[in-house]
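Participant: Encoded as structure tokens, here's the structure I'll be asking about.
The values are calculated or read from the model by the stated rules, or taken from the named source; none is laboratory data. Worth saying up front: this structure is predicted, and the values here are computed from it rather than measured. Cβ coordinates were reconstructed from backbone atoms using ideal geometry, including for glycine residues, and neighbour counts include every protein chain displayed.
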Amino acid sequence: MPPKARLHELAHIALGHTSGGAELNDGDRTPRSLREVEAEAVALVCLEALSLPGAEYVRGYIRHWHQSGEPIQERGAQRIFKAAVSQSS
Ligand SMILES: [Zn+2]
């Protein structure tokens, strides 16, 4: 599994998207598109921090999933950076 994909999947876990079967639950509080944006954003932060390849693809995925164009709220940004930090430990 390339670093980008591994970081994305680990991000889903760090962000709590997998607890309680959230990935399979349509009634989850966080819409799937936002969950994917969050996971990709965590992957992007980690790839850039570690100078690993794939950041350009991650940006494309974020654009794809974040089609609403709504800015990510402060709470979402905090979750993203917290998850990114947790992946470095
Ligand atoms: Zn995903």
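Participant: When the stretch 66-80 is examined, which residues are found to be surrounded by 15 or more Cβ atoms within 10 Å (Cβ to Cβ), in a helix (DSSP H, G or I) and either at pLDDT below 90 or touching a His at 6+ places or on another chain (Cβ under 9 Å) (or both)?
Facilitator: Correct list: Gly76 only.
Participant: Going residue by residue through the stretch 17-25, is there one that turns out to be assigned to a loop (DSSP other than H, G, I, E, B), among the small types (Gly, Ala, Ser) and at pLDDT below 85?
Facilitator: No; the residues of the stretch 17-25 include none that is assigned to a loop (DSSP other than H, G, I, E, B), among the small types (Gly, Ala, Ser) and at pLDDT below 85.
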